Amino acid sequence: MCIISLYPNLKKQYNNEFMAKRHSRTADRFKMQKVDIKKALTEKADAVNSKIAAILKEWTGIPKKLADALDYVLAAPGKRIRAAIVLWCCELIEGKENDDALNAAAAIEMVHTYSLVHDDLPAMDDDDFRRGRPSCHKAFDEATAVLAGDALLTMAFEIIAAKISDAKKAVEMMRVLAEAAGPAGMIAGQVNDLAAQNNSNSSEELHDIHINKTAKMFRASALLGAIAADADEKQRETLALFGLTLGLGFQVADDIIDVSSTSSQLGKTAGKDAKQGKLTYPAVFGLEKSKENARQIAQKAVDILKPFGDKAAVLKELALALVDRTK
Ligand code: IPE
Ligand code: IPE
Ligand code: MG
Ligand code: MG
Ligand code: MG
């Protein structure tokens with residue numbers, strides 16, 4: 001006989017707890033299902049796009065050609081994933097997004113956009129299409145693309161210096177962004193990506209490139225949101241690791257969709273990595289194993305968020321969606 005049936009009160013309590021747990025699990029699932037990640041991302045993209053447009057409007061003294069190039073690359077339909085991570089990490093800690101997070105989101109999207117403008121140059125990946133339009137150097141010219149990239153990178157730090165509400169937060173944000181984008185971060189990744197082209201099949205090197213060229217900027221996005229919300233050390237550590245892990249998965253997925261999506265889906269030239277002999281996950285592990293890797297990495301990112309429970313539902317959904325995307 002089950003011990004619970006010997007104690008009617010205990011049994012009643014057990015049943016109540018069981019039912020409560022079951023109810024809350026169903027409610028959780030309902031809540032998880034309610035995250036419409038596409039819609040949620042569009043909302044965040046709209047918010048950061050408005051912020052970027054407002055910032056650009058305030059700026060004076062930019063030569064017309066450069067201003068046109070900046071408008072052109074910033075108005076193009078980027079997914080704004082890094083901005084969304086900033087805003088959602090802030091919301092996770094503070095319960096809502098704040099203006100510091102919005103400014104930081106605009107800043108990191110500017111740094112990211114600069115990296116794409118330069119990445120597409122003939123001296124780098126030589127891609128004529130970006131975000132569904134001619135790349136900056138095709139729509140304008142190479143010198144303008146170089147200078148527009150320089151401008152975007154510089155503007156990002158001015159935005160943080162000028163607009164963040166608290167000087168200590170601003171300094172922390174600048175450091176996080178500079179470390180992620182700098183010579184031991186994204187630029188290291190870009191240098192090594194080019195060096196490995198037609199020259200390496202090493203999985204360690206591949207991992208290192210992806211961590212540097214992409215994952216560190218995702219880590220920075222999460223940290224910017226955490227700083228905007230005044231997160232404590234433990235929360236920052238957890239979110240930083242989430243960002244880094246998600247960023248790695250994101251770049252593995254980028255390698256995968258270069259193989260499996262079309263140029264019109266991607267808004268950039270498909271199939272270029274293999275043609276250029278890039279060191280990618282599909283090149284080293286094959287397509288199927290790469291997909292499995294991407295999913296495992298996304299699950300790892302989801303698991304890192306466990307301490308936050310359901311409050312992190314949207315970030316968890318984002319992690320799963322990003323490795324299964326087609327663009
Ligand atoms: C492309 O980034 C470059 C990578 C680091 C993979 P995204 O795929 O986020 O590009 P946009 O901003 O949506 O155009
Ligand atoms: C780009 O990696 C990473 C950065 C821009 C830092 P890729 O070269 O694979 O990006 P796409 O595929 O051109 O967007
Ligand atoms: Mg590249
Ligand atoms: Mg490229
Ligand atoms: Mg790519």
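At a glance:
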| item | result |
| --- | --- |
| Odd one out for residue 274 among (1) at positive phi; (2) within 16 Å of ligand 4 (Cβ to nearest atom) | (1) |
| Matching entry among 150, 141 (being in contact (Cβ under 8 Å) with a residue 24 or more places away in the chain and either away from ligand 2 (no atom under 14 Å from the Cβ) or more than 12 Å from residue 73 (Cα to Cα) (or both)) | 150 |
| When residues of segment 297-325 are limited to those that are assigned to a helix (DSSP H, G or I) and among the β-branched types (Val, Ile, Thr), the one surrounded by the fewest Cβ atoms within 10 Å (Cβ to Cβ) | 302 |
| Test: residue in segment 115-134 that is crowded, with 16+ Cβ neighbours inside 10 Å, away from ligand 4 (no atom under 16 Å from the Cβ), under 18 Å from the mean Cα position of the chain (by Cα) and of a type outside the set (Lys, Arg) | no |
| Residue in segment 210-224 that is among the aliphatic types (A, V, I, L, M), under 19 Å from the mean Cα position of the chain (by Cα) and not in a helix (DSSP H, G or I) present | no |
| Scope segment 197-238; condition away from ligand 1 (no atom under 16 Å from the Cβ) and of a type in the set (Val, Ile, Thr); matching residues | 227, 238 |
| Counted residues, segment 287-319 - those being without any contact (Cβ under 8 Å) to a residue 24 or more places away in the chain and either in contact with a Lys or Arg (Cβ under 6 Å, 6 or more places away or on another chain) or over 18 Å from residue 90 (Cβ atoms) (or both) | 8 |
| Members of segment 110-142 that are small (Gly, Ala, Ser), over 19 Å from residue 67 (Cα atoms) and away from ligand 1 (no atom under 11 Å from the Cβ) | 123 |
| Residues of segment 241-272 that turn out to be assigned to a helix (DSSP H, G or I) and either among the aliphatic types (A, V, I, L, M) or closer than 24 Å to residue 219 by Cβ (or both), as a count | 20 |
| Options 93, 62; residue that is surrounded by 15 or more Cβ atoms within 10 Å (Cβ to Cβ), over 29 Å from residue 134 (Cβ atoms) and of a type in the set (Val, Ile, Thr) | 93 |
| Selected residue [exposed (fewer than 13 other Cβ atoms within 10 Å of the Cβ) and part of a helix (DSSP H, G or I)] from 83, 54 | 54 |
| Which listed residue is hydroxyl-bearing (Ser, Thr, Tyr), more than 16 Å from ligand 2 (Cβ to nearest atom) and in contact (Cβ under 8 Å) with a residue 40 or more places away in the chain, from 269, 280, 326, 245 | 245 |
| Some residue of segment 159-166 being surrounded by 23 or more Cβ atoms within 10 Å (Cβ to Cβ), more than 22 Å from the chain's Cα centre (by Cα), modelled with pLDDT of 95 or more and not acidic (Asp, Glu) | no |
| Members of segment 173-189 that are in contact (Cβ under 8 Å) with a residue 40 or more places away in the chain, in contact with a helix residue (DSSP H, G or I) (Cβ under 7 Å, 6 or more places away or on another chain) and surrounded by fewer than 19 Cβ atoms within 10 Å (Cβ to Cβ) | none |
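The values are calculated or read from the model by the stated rules, or taken from the named source; none is laboratory data. All figures in this text were calculated on a predicted structure; none of them were measured in a lab. Heads up, the Cβs are rebuilt from the backbone with ideal geometry, glycines too, and the neighbour counts pull from every protein chain shown.
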